[in-house]
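Undergrad: I'd like to ask some things about the structure below.
The values are calculated or read from the model by the stated rules, or taken from the named source; none is laboratory data. Model, not experiment: these values are computed from the prediction. Quick reminder, even Gly has a Cβ in these numbers, built from the backbone with ideal geometry, and neighbours come from all protein chains shown. SASA here: full protein model, heavy atoms, side chains in, ligands and nucleic acids out. Shrake-Rupley method; radii C 1.70, N 1.55, O 1.52, S 1.80 Å.
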Amino acid sequence: MNQPLQHFLRFNDLDPQTIEHIFARTRIIKDRFKRYERYMPLQDRTLVMIFEKASTRTRLSFEAGMHQLGGAAIYLNTRDTQLGRGEPVEDAAQVISRMCDLVMIRTFEQEIIERFAANSRVPVINGLTNEYHPCQILADIMTFIEHRGSIRGKTVAWIGDSNNVCNTWLQAAELLDFQVHVSTPPGYEVEPERAGLYGSGHFEQFTDPMEAARGAHLVTTDVWTSMGFEAENDARRKAFADWQVDAEMMSVAARDAVFMHCLPAHRGEEVAAEVIDGPQSVVWDEAENRLHVQKALMETLLLGKVNT
Ligand code: CP
Ligand code: NVA
C-alpha cells in the first residue's frame, strides 16, 4: 500500500497526533530493540542519505536504524557525487527519488531541501539545515517524556545561539503546547519568521540568561558557532562568553530540571563540564533516542500509522 507523500522538513510539517503516534511507536520499537527482537517492516526499502555537512549521530542513527528495520541505507556526499559539481537540485531529486523509497538530507539553506522535496517522488526528511533540525527535537522531547513525563505546560530554557535547534524547539512548543524561554546575546535574537512560528505566544526572550533558566524544567544549549558559520567564530566567542550553562545557572532552574545538548559539545564554551558530565545531564539518552525516534519516523512516513 502506498502512503500519501509526507515530508518532514520542519517540525510542524507533522500534526500533533502524528508526533504523538511517533512517540508511542518509539517506545514499542525501542523496547523490541532492547529485547533483541527482530522488527523488520522496511525490508526491500532503501534510504538515501545526502550529507553536505559533517555528521556522526545523524548518519549513524539513520544508517543503523534503516538496517535494523530490514532496509538498506546509501550514503552520498557532495564531495564525490555530481551534487557538488552544480547539478541542479531539482534534477538530482528527480533521479534519486526514482531509485529509493526515502531520502534524508543534511544541507545549508532550508530552501535547498524544500526544492528537493518539491521534485521528489518519495518522502524527504530534514537531517539538519541552517534553519531547522526536526529529528533532533523529536529525540529531545522523547527523552524528556522518558525522564519526566509529558512536556505539555512545561518550560524549556534555551541559552545561546538562536540557531536551527533553537528554531525547532520553538516550532515544537507551538505544536505541543509548552513554553520556551530564550536568552541570546544582543544581535543573535530569534527571528520569528525564520523560525517558522505561527506567533502563538509560546516563547519569551530574555536578555539575562539566568532569568531564562529560572524555574525551567529543561535547560538546553548548543554550540556558539554552527556548521556553515565558521567565519564568525572569533566574533561569536566574544559575544557568547556570558552564555554558558554552568552549575550556578542550573541551580536557578527547577530542582529536578534536566540538561540536554544535541552534541557535539564544547566543554568550557556553551556548557561547563560540571553540567554536561553532571547528574542532571541526559545527553547520552538524548543521543541514543535519535536512533529510536527516527526508526518510528521512517516507519510512519513509509507505512502510515502502524499499530502492530
Ligand atoms: N546532533 C547531531 O545532529 O549530531 P551530528 O552532527 O553528529 O549528526
Ligand atoms: N547547531 C549545530 C547543530 C549540530 C548538530 C550546527 O548546525 O552545527
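Undergrad: From the list 74, 151, 96, 50, exactly one residue is within 25 Å of residue 176 (Cα to Cα) and touching a Leu at 6+ places or on another chain (Cβ under 9 Å). Which is it?
TA: Of the residues listed, the single one that is within 25 Å of residue 176 (Cα to Cα) and touching a Leu at 6+ places or on another chain (Cβ under 9 Å) is 151.
Undergrad: Has the stretch 223-230 got at least one residue that is surrounded by fewer than 17 Cβ atoms within 10 Å (Cβ to Cβ) and of a type in the set (Ser, Thr, Tyr)?
TA: no
Undergrad: Go through the stretch 152-171 and count every residue that is open to solvent by 10 Å² or more (accessible area, probe 1.4 Å) and more than 16 Å from ligand 2 (Cβ to nearest atom).
TA: 4
Undergrad: Condition (residue is closer than 30 Å to residue 8 by Cα, aromatic (Phe, Trp, Tyr) and surrounded by fewer than 16 Cβ atoms within 10 Å (Cβ to Cβ)) applied to the stretch 277-300: is it met by at least one residue?
TA: Yes, the stretch 277-300 has at least one match.
Undergrad: Filtering the stretch 248-271 down to residues that are away from ligand 2 (no atom under 16 Å from the Cβ) and crowded, with 18+ Cβ neighbours inside 10 Å, which residue is nearest to residue 236 (Cα to Cα)?
TA: Looking at the filtered set, the residue picked out is 249.
Undergrad: Another one. Restricting attention to the stretch 1-36, which residues are of a type in the set (Lys, Arg) and exposed (fewer than 13 other Cβ atoms within 10 Å of the Cβ)?
TA: Answer for the stretch 1-36, where residues must be of a type in the set (Lys, Arg) and exposed (fewer than 13 other Cβ atoms within 10 Å of the Cβ): 34, 35.
Undergrad: Another question about this same structure. Listed residues 305, 238; which is in a helix (DSSP H, G or I), open to solvent by 40 Å² or more (accessible area, probe 1.4 Å), modelled with pLDDT of 95 or more and not acidic (Asp, Glu)?
TA: 238
Undergrad: Shifting gears a bit: Return the residues of the stretch 106-139 that are in contact with a Cys (Cβ under 8 Å, 6 or more places away or on another chain) and of a type outside the set (A, V, I, L, M, F, W, C); say none if nothing qualifies.
TA: Those that are in contact with a Cys (Cβ under 8 Å, 6 or more places away or on another chain) and of a type outside the set (A, V, I, L, M, F, W, C): 126, 127, 133, 136.
Undergrad: Further, regarding this structure: Suppose we filter the stretch 241-266 for residues that are within 16 Å of ligand 1 (Cβ to nearest atom) and either without any contact (Cβ under 8 Å) to a residue 12 or more places away in the chain or part of a loop (DSSP other than H, G, I, E, B) (or both); how many remain?
TA: 5
Undergrad: Turning to a different aspect of this structure: Taking the residues in the stretch 82-113 that are of a type in the set (S, T, N, Q) and open to solvent by 30 Å² or more (accessible area, probe 1.4 Å) as candidates, determine which candidate is nearest to residue 11 (Cα to Cα).
TA: Within the stretch 82-113, the match that is nearest to residue 11 (Cα to Cα) is 94.
Undergrad: Only one of (1) assigned to a helix (DSSP H, G or I); (2) within 16 Å of ligand 2 (Cβ to nearest atom) is not met by residue 145, so which one is it?
TA: Every condition holds for residue 145 apart from (2).
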